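Peer 1: Starting off with a structure, shown below.
The values are calculated or read from the model by the stated rules, or taken from the named source; none is laboratory data. Computed from a prediction, not measured in an experiment: that's the story for all the values here. Heads up, the Cβs are rebuilt from the backbone with ideal geometry, glycines too, and the neighbour counts pull from every protein chain shown. Side chains are part of the model used for accessible areas, which takes the heavy atoms of the whole protein and leaves out ligands, DNA and RNA. Shrake-Rupley method; radii C 1.70, N 1.55, O 1.52, S 1.80 Å.
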Amino acid sequence: MSLPAAWVVSTLGEVATWSSGGTPKATNPTFYGGDIPWAVIGDLTDAAVPGTATCITDNGLAASSAKVVEPGTILVAMYGSIGKLGIAGIRMATNQAIACAVPGPAVSRQYLFWYLRSIRADLQHAGKGATQKNIGQGILKSWPIPLPPLAEQQRMVAAIEEQLSRIDAAEESLLGAEARIRQLRESCMAIQYETDWQWTTLGEIAEVVGGVTKDAKREQLPGLVEVPYLRVANVQRGFLDLSEVATIRVPPERAKALMLEPGDVLLNEGGDRDKLGRGWVWNGEIPDCIHQNHVFRARVTVGFAPKFLSWHANTYGRVWFQDRGSQTTNLASISRTNLRGLPVPAPPLEVQVAIAEEIDRRLSVVSAVEKEAREARRRGRSLRQAVLRDAFAGRLVTPETPERVDA
């Protein structure tokens with residue numbers, strides 16, 4: 001590539017001193033709980049590292065290859081999250097998954113940090129390994145680095161940080177906007193109930209049944225049919241996530257009895273407490289599909305709009321189900337009896353349809369705005385990489401000389 005005339009190309013091994021750490025034996029309790037901060041990849045956040053989640057003792061340090069590094073040392077992840085960065089804010093030790101770089105006189109600390117950030121994707125591509133990709137210090141040390149004079153490095157760092165701070169501010173604003181959009185989505189789902197509406201219960205207007213239980217042994221029996229089935233993860237609040245639909249082997253008569261039909265309202269029976277009763281309407285998206293036992297099917301038996309019923313269950317029913325759900329250590333659940341007892345407003349059918357259509361209209365507007373916000377954040381990430389790419393190609397700040405040489 002073409003670089004400004006005053007620049008040279010060196011290697012990371014030539015501009016910094018590199019090392020890595022180690023891990024004291026986890027089975028020895030005397031090695032942990034001391035006063036020496038010990039960094040692992042989870043402590044790296046692409047920023048200063050003011051402390052670590054774990055500390056080791058002097059014995060742990062002495063009994064392992066862990067080494068203490070000084071404040072200002074650049075930390076680079078070599079395993080898994082390759083290229084994740086940190087700068088030691090205090091004296092600390094690290095494990096063997098982190099490479100530690102102490103910049104030499106030819107490179108400024110922040111210049112080296114931002115250059116490493118700019119080549120993260122390339123480092124990840126260079127990773128080796130089947131289950132968890134990793135790189136070694138050898139790859140890092142041999143990696144080329146374009147090197148301008150120190151004064152220009154400082155100007156580049158200032159320009160990079162100014163540009164990225166603007167992008168950060170825009171991204172923070174977009175995150176706030178997305179949070180407000182989520183709140184708006186919740187308000188758009190809500191139904192404005194009229195005082196003169198009659199009320200009934202879910203059990204009075206729909207047949208509510210549970211689904212099939214997964215049993216690997218029974219699936220080996222002869223004479224079974226294999227069909228797709230919906231799990232809790234497929235049934236979201238206000239939509240169905242059908243990106244991954246599992247299959248199950250069941251007796252033909254069981255498959256026939258549980259076969260979903262367009263208009264069936266699906267309601268989750270278990271999971272986190274705030275997800276009880278979460279659901280949406282089945283519209284026949286997948287042929288011959290059934291549902292698991294943690295997903296209830298409510299099939300309307302009288303003149304009732306399934307979407308209106310589903311929006312009601314996702315809003316009014318959300319709190320109602322939480323109040324009546326049972327809780328184990330990790331999971332909450334709602335019984336079929338409680339589900340059938342859900343109070344349901346029963347305005348005229350044409351009113352139900354009109355309300356459901358209005359909710360859909362509002363949400364389509366919200367979804368369009370949400371999509372624009374996500375796209376803006378995606379452009380921000382691309383812009384961030386463009387800033388770094390231009391910086392280390394010598395295009396972000398005006399070089400001290402206009403002449404260029406080929407490197």
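Peer 1: Which residues, counting only those in segment 48-80, are small (Gly, Ala, Ser), touching a residue at least 12 places away in the same chain (Cβ under 8 Å) and either in contact with a Leu (Cβ under 8 Å, 6 or more places away or on another chain) or farther than 21 Å from ALA121 by Cβ (or both)? Working first, answer last.
Peer 2: Our first condition is that a residue be small (Gly, Ala, Ser); within segment 48-80, this holds for 48, 51, 53, 60, 62-66, 72, 77, 80.
Checking which are touching a residue at least 12 places away in the same chain (Cβ under 8 Å) leaves us with 48, 51, 53, 60, 63-66, 72, 77, 80.
ALA48, GLY51, ALA53, GLY60, ALA63, SER64, SER65, ALA66, GLY72, ALA77 - these are the residues of segment 48-80 that are small (Gly, Ala, Ser), touching a residue at least 12 places away in the same chain (Cβ under 8 Å) and either in contact with a Leu (Cβ under 8 Å, 6 or more places away or on another chain) or farther than 21 Å from ALA121 by Cβ (or both).
Peer 1: Within segment 20-38, is there a residue that is of a type in the set (Gly, Ala, Ser) and touching a Lys or Arg at 6+ places or on another chain (Cβ under 6 Å)?
Peer 2: Of segment 20-38, the ones of a type in the set (Gly, Ala, Ser) are 20-22, 26, 33-34.
Cutting the leftovers down to touching a Lys or Arg at 6+ places or on another chain (Cβ under 6 Å) gives us 21.
Scanning segment 20-38, I find at least one residue that is of a type in the set (Gly, Ala, Ser) and touching a Lys or Arg at 6+ places or on another chain (Cβ under 6 Å), so the answer is yes.
Peer 1: Please verify whether segment 332-355 includes one or more residues that are part of a helix (DSSP H, G or I), of a type outside the set (Lys, Arg) and within 28 Å of the chain's Cα centre (by Cα).
Peer 2: At the first step, the residues of segment 332-355 found to be part of a helix (DSSP H, G or I) are 336-340, 349-355.
From what is left, the residues that are of a type outside the set (Lys, Arg) are 337-339, 349-355.
Those left that are additionally within 28 Å of the chain's Cα centre (by Cα): none.
Among the residues of segment 332-355, not one is part of a helix (DSSP H, G or I), of a type outside the set (Lys, Arg) and within 28 Å of the chain's Cα centre (by Cα), which makes the answer no.
Peer 1: On to the next question. If I go through segment 384-401 residue by residue, how many of them are in contact (Cβ under 8 Å) with a residue 40 or more places away in the chain and open to solvent by less than 90 Å² (accessible area, probe 1.4 Å)?
Peer 2: Keep residues of segment 384-401 that are in contact (Cβ under 8 Å) with a residue 40 or more places away in the chain, which gives 384-385, 387-389, 391-394, 396-397, 399-401.
The next check asks that each one be open to solvent by less than 90 Å² (accessible area, probe 1.4 Å); those that pass are 384-385, 387-388, 391-394, 396-397, 399, 401.
The qualifying residues number 12.
Peer 1: Ok, one more. Show the residue pairs meeting these rules: Cβ distance below 7 Å; 6+ apart or different chains; first residue within segment 341-369 and under 17 Å from ARG237 (Cα atoms); second residue open to solvent by 60 Å² or more (accessible area, probe 1.4 Å).
Peer 2: ALA356/LYS307; VAL366/LEU184
Peer 1: Name the single residue, out of those in segment 78-107 being out of contact with any strand residue (DSSP E or B) (no Cβ under 6 Å at 6 or more places or on another chain) and more than 27 Å from ARG155 (Cα to Cα), that is modelled with the lowest pLDDT.
Peer 2: GLY80
Peer 1: Is it true that ILE181 is on the phi < 0 side of the Ramachandran plot, assigned to a helix (DSSP H, G or I) and among the hydrophobic types (A, V, I, L, M, F, W, C)? Before you say what the answer is, go through the steps one by one.
Peer 2: Values: on the phi < 0 side of the Ramachandran plot: yes; assigned to a helix (DSSP H, G or I): yes; among the hydrophobic types (A, V, I, L, M, F, W, C): yes.
Yes.
Peer 1: Now a separate question. Give the residues of segment 264-308 that are open to solvent by less than 20 Å² (accessible area, probe 1.4 Å), more than 18 Å from VAL209 (Cβ to Cβ) and assigned to a loop (DSSP other than H, G, I, E, B), sorted by residue number.
Peer 2: ALA305
Peer 1: Still on this structure, I have one more. Among the numbered criteria (1) modelled with pLDDT under 95; (2) in a helix (DSSP H, G or I); (3) of a type in the set (S, T, N, Q), which single criterion is violated by GLN110?
Peer 2: (1)
Peer 1: While we're on this one: Residue under question is ALA255, and the condition is that it be over 34 Å from the mean Cα position of the chain (by Cα), open to solvent by less than 30 Å² (accessible area, probe 1.4 Å) and not polar (S, T, N, Q); does it hold?
Peer 2: Working: over 34 Å from the mean Cα position of the chain (by Cα): yes; open to solvent by less than 30 Å² (accessible area, probe 1.4 Å): yes; not polar (S, T, N, Q): yes.
In short, yes.
Peer 1: Which residue pairs have Cβ atoms closer than 7 Å, lie 6 or more positions apart in sequence or on different chains, and pair a first residue in segment 204-225 that is under 27 Å from LEU342 (Cα atoms) and in contact (Cβ under 8 Å) with a residue 12 or more places away in the chain with a second residue that is open to solvent by 70 Å² or more (accessible area, probe 1.4 Å) and of a type outside the set (Ser, Thr, Tyr)?
Peer 2: Cβ pairs passing all conditions: ILE205/VAL302; VAL208/ARG336; VAL208/ARG340; GLY210/ARG336; VAL212/ARG254.
Peer 1: Here are some residues: GLN154, GLN132, GLN163, GLN96. Which one is under 18 Å from TRP18 (Cβ atoms), among the polar types (S, T, N, Q) and open to solvent by 40 Å² or more (accessible area, probe 1.4 Å)? Give the steps one after another, and end with the answer.
Peer 2: Numbers: GLN154 fails: under 18 Å from TRP18 (Cβ atoms); GLN132 fails: under 18 Å from TRP18 (Cβ atoms); GLN163 fails: under 18 Å from TRP18 (Cβ atoms).
Answer to the check: GLN96.
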